[in-house]
Amino acid sequence: MYLIVNGHRYDNLEDDMTMSELLDYLKLPAKKIAIERNREIISKSTYNTVRLNDGDIMEIIHFIGGG
Amino acid sequence: MKNSIKSDDTLKVGSHEFNSRLIIGTGKYTNYKQNSDALNASGAEMVTVAVRRVNVSDPNKPMLVDYIDPKKTVYLPNTAGCFTGEDAVRTLRLAKEAGGWNLVKLEVLSDPKHLYPDMEETLRSAELLIRDGFEVMVYCSDDPVFAKKLESMGCVAIMPLGAPIGSGLGIQNKVNIRLIVEQSNVPVIVDAGVGTASDAVIAMELGCDGVLMNTAIANAKDPIKMALAMKHAVIAGREAYLAGRMPTKKYADPSSPLAGLI
């Protein structure tokens, strides 16, 4: 399957991948980020169980410096 | 901080309480290390932060949370870059999921030349956020009428600009800031415009409850030293305000008695 993550397209990902598996694949620490799938927030407590679907549009954010 | 201000003189914003009345930004520093050192020097207990996409192509890039611990310093997520209420709500909901807190800084900007807040959209956004359960500290113009509307709506702090963001011009309209201070029942925090320590003192002497600054520290030649200067400035201004200044006079009044001269 494919996903769009922060505007980048990722092809040939494993079907039915969980959110945790995607984070492992991207090497991102779950503790320091927040995730939106198709404009809906995915709660941190469900990362192990939520399965992603072909074509999902993901936004992964974190805090950066700002005023 | 504690030695200088009596400990019951705290800044209460929404459900939070702070000993320091200085809030600093985390933008424009050379790196996060310098930012963290400046924070320590400033004594601030709250920092503003922005919400942005993770760099997926470089997951090892340093992250702000590695340098400034959100468990020790309150993160105040902002809505910089949002131009509508819906964008602001979306951004801050994500921030809440990333950190788990309700206290937020709403800023809905307009023209990049002056970065003045779009007050029409700010009012609309504040309403949406408050309905969503956020405690909203709101960046606004120095207009007492808008400030009152934002307070009535339920914003937990009114944050009028002293001068355009990043300009370092100091408090341009003391009359308006004072009017806002006098009419407000929630903290008034000057946000934007401070250039150097005396500007922070002026804001505090006008009776503001706090000062929020970023560029004044980050763009100083020595940000750490300036952070320390700002810490003292905010304390000095606060104490002068609490002390109540002497009245001004047109003519001199000798400090040494004239009686008993030899």
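The residues of region B:44-112 present an accessible area of 41 Å² per residue when probed at 1.4 Å with all protein chains retained.
To the nearest 0.05, what FRET efficiency results for B:N185 and B:K225 with a Förster distance of 51 Å applied to their C-beta separation?
In this case the efficiency is close to 0.90.
When DSSP beta bridges are restricted to pairs lying wholly in the protein assembly as shown, around 45% turn out antiparallel.
Given R0 = 56 Å, the distance between the Cβ atoms of B:D69 and B:D253 translates into a calculated FRET efficiency of 0.60. Straight-distance candidates among the aspartates and glutamates for linking to B:K105, with alpha-carbon spacing under 12 Å and chain neighbours fewer than 8 residues away dropped: B:E135, B:D191. In chain B, the DSSP-assigned H stretches of four residues or longer account for a calculated mean residue ellipticity at 222 nm of -11000 deg cm²/dmol, using -39500 (n - 2.57) per stretch and the full residue count as denominator. In units of the compact-protein estimate 2.2 N^0.38 Å, the protein assembly as shown shows a Cα radius of gyration of 1.13. Assuming charge only on the beta carbon of Lys and Arg (+1) and of Asp and Glu (-1), the dipole of the protein assembly as shown about its Cα centre is about 1100 debye to the nearest 20.
Please compute one quarter of the surface area of the Cα convex hull for chain B and express it in square nanometres.
17.4 nm²
Straight-line cross-link reach from B:K149 at under 12 Å between alpha-carbon atoms covers these aspartates and glutamates, not counting any fewer than eight positions away in the same chain: B:E120, B:E127.
Please tell me which of these pairs span more than 19 angstrom C-alpha to C-alpha: B:K33/B:K221; B:K33/B:K72; B:K33/B:K96; B:K71/B:K96? Each step should come with its number before you reach the end.
Working: B:K33/B:K221 16 Å; B:K33/B:K72 16 Å; B:K33/B:K96 25 Å; B:K71/B:K96 14 Å.
Check vs 19 Å cut-off fails for B:K33/B:K96.
Over region A:3-62, Cα pairs under 8 Å with separation of 6+ residues give a relative contact order of 49 percent.
Across the alpha-carbon set of region B:1-119, the Rg to Rh ratio works out to 0.98, Rh being the Kirkwood radius.
What accessible surface, in Å², does a 1.4 Å probe find on B:H114, ignoring ligands, DNA and RNA and rounding to the nearest 10? Accessible area of B:H114: about 70 Å².
Of the Cα atoms belonging to region A:3-62, the radius of gyration and Dmax stand at 10.3, 26 Å.
Straight-line cross-link partners of A:K27 among the aspartates and glutamates, defined as a Cα under 14 Å from its Cα and at least 8 positions apart when in the same chain: B:D58.
On alpha carbon coordinates alone, what is the Rg over Rh value for region B:96-152, Rh being the Kirkwood radius? All intermediate terms of the calculation are to be shown ahead of the outcome.
On the way: Rg = 12.0 Å, Rh = 12.0 Å.
We get a ratio of 1.00 for region B:96-152.
The values are calculated or read from the model by the stated rules, or taken from the named source; none is laboratory data. Here the structure is a predicted model, which means the values were calculated and not measured. Neighbour counts are summed over all protein chains in view; Cβ atoms, including those assigned to glycine, are modelled from backbone coordinates with ideal geometry. We work out accessible area using only protein heavy atoms, side chains counted, and drop any ligands, DNA or RNA first. Shrake-Rupley method; radii C 1.70, N 1.55, O 1.52, S 1.80 Å.
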